[in-house]
Amino acid sequence: MNEVRIAAISDRRLDLDAHLAAVEDPALGGVTTFIGRVRDNDPDATTPVVGLEYSSHPDAEATLRRIAEQAAADAVGEARVAVAVSHRIGRLDVGDAAVVIAVAAEHRAEAFEVCRAVIEDIKTSLPVWKRQVESDGSTSWKGIGG
C-alpha cells in the first residue's frame with residue numbers, strides 16, 4: 001500500500017524532521033530525502049540572487065498530492081512507499097528550503113526512484129511560479145519548468 005502522508009503548499013518554514021516523522025514506518029527500511037534550497041546564483045542572473053518570491057495557483061496543493069501519488073504508484077514492483085512533500089510559497093532568502101521531500105520504502109532503490117520522480121514532476125507540472133530577486137534590485141519571473 002502506497003501512502004502520501006503530507007502534500008502541502010505552505011507559507012511557513014519547511015521542517016525536514018516533520019516530513020521524516022510522517023514517513024516513519026517499521027516496515028519501510030529505505031528512507032531518502034531531498035531539500036531544494038534557495039541559492040545565491042542563477043545562470044540567467046547578472047548579479048547575486050538575494051531571494052525568491054514564490055506564488056501558487058489555488059489548485060497547487062491538489063496537484064502536489066497527485067504528483068506524489070503518481071510517483072508512489074509507479075514504484076518498482078509491489079513495493080510499499082510512503083511520501084511526504086511540501087513546497088513553500090512567499091518570500092524566501094538564500095539558504096531557505098523551498099521544497100522538502102521524504103520518501104520511505106521497503107528498499108533503497110524504490111525510495112530514491114520515488115523521491116526523484118516527485119521532484120522532477122514538481123519542476124515540470126506544479127503550478128508554482130517564482131520571482132527571482134537579484135542584489136541590484138532587478139527581478140525576473142520563472143514559471144513551471146523554469
May I ask you to say which residue of Ala72, Ala104 is in contact (Cβ under 8 Å) with a residue 40 or more places away in the chain, over 14 Å from the mean Cα position of the chain (by Cα) and part of a strand (DSSP E or B)? Ala104
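If you scan segment 132-146, which residues turn out to be within 29 Å of Thr32 (Cα to Cα) and either surrounded by 13 or more Cβ atoms within 10 Å (Cβ to Cβ) or modelled with pLDDT of 95 or more (or both)?
Quick first cut of segment 132-146, residues within 29 Å of Thr32 (Cα to Cα) only: 132, 142-146.
Hits for segment 132-146 are Gln132, Lys142, Ile144.
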Of (1) in a loop (DSSP other than H, G, I, E, B); (2) buried (at least 17 other Cβ atoms within 10 Å of the Cβ); (3) charged (D, E, K, R), Glu113 fails just (1)
Name the single residue, out of those in segment 116-131 being of a type in the set (D, E, K, R) and loosely packed, with under 15 Cβ neighbours inside 10 Å, that is farthest from the chain's Cα centre (by Cα). Arg131
Yes/no for Val49 being of a type in the set (Val, Ile, Thr) and over 18 Å from Leu20 (Cβ atoms): yes
Which residues, taken from segment 117-138, are without any contact (Cβ under 8 Å) to a residue 40 or more places away in the chain and not acidic (Asp, Glu)? Lys123, Thr124, Gly137
Scan Glu69, Glu53 and give me the residue that is in contact with a Gly (Cβ under 9 Å, 6 or more places away or on another chain) and not hydrophobic (A, V, I, L, M, F, W, C). Glu53
Selection within segment 41-92 - of a type in the set (D, E, K, R) and within 16 Å of Trp141 (Cα to Cα): Asp42, Asp44, Glu53, Arg91
Read through the list (1) part of a strand (DSSP E or B); (2) touching a Pro at 6+ places or on another chain (Cβ under 7 Å), then give the number of the only condition that Arg131 fails. (2)
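Could you say which residue among Ile67, Ile122 is within 18 Å of Val38 (Cβ to Cβ), touching a helix residue (DSSP H, G or I) at 6+ places or on another chain (Cβ under 7 Å), part of a helix (DSSP H, G or I) and at pLDDT 95 or above?
On the way: Ile67 fails: within 18 Å of Val38 (Cβ to Cβ).
Step by step, each of Ile67, Ile122 is checked, and only Ile122 is within 18 Å of Val38 (Cβ to Cβ), touching a helix residue (DSSP H, G or I) at 6+ places or on another chain (Cβ under 7 Å), part of a helix (DSSP H, G or I) and at pLDDT 95 or above.
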With the requirement that a residue be in a loop (DSSP other than H, G, I, E, B), over 18 Å from Arg12 (Cα atoms), open to solvent by less than 50 Å² (accessible area, probe 1.4 Å) and not charged (D, E, K, R), what does segment 36-64 give you? Ala45, Thr47
Output for segment 1-35, where each listed residue is assigned to a loop (DSSP other than H, G, I, E, B), open to solvent by less than 80 Å² (accessible area, probe 1.4 Å) and of a type in the set (Asp, Glu): Asp15, Asp25
By residue number, the members of segment 66-95 that are touching a strand residue (DSSP E or B) at 6+ places or on another chain (Cβ under 8 Å) and surrounded by fewer than 17 Cβ atoms within 10 Å (Cβ to Cβ) are Glu69, Ala73, Gly90, Arg91, Asp93, Val94, Gly95
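The values are calculated or read from the model by the stated rules, or taken from the named source; none is laboratory data. Note that this is a predicted model, so its numbers are computed, not measured. Cβ coordinates were reconstructed from backbone atoms using ideal geometry, including for glycine residues, and neighbour counts include every protein chain displayed. We work out accessible area using only protein heavy atoms, side chains counted, and drop any ligands, DNA or RNA first. Shrake-Rupley method; radii C 1.70, N 1.55, O 1.52, S 1.80 Å.
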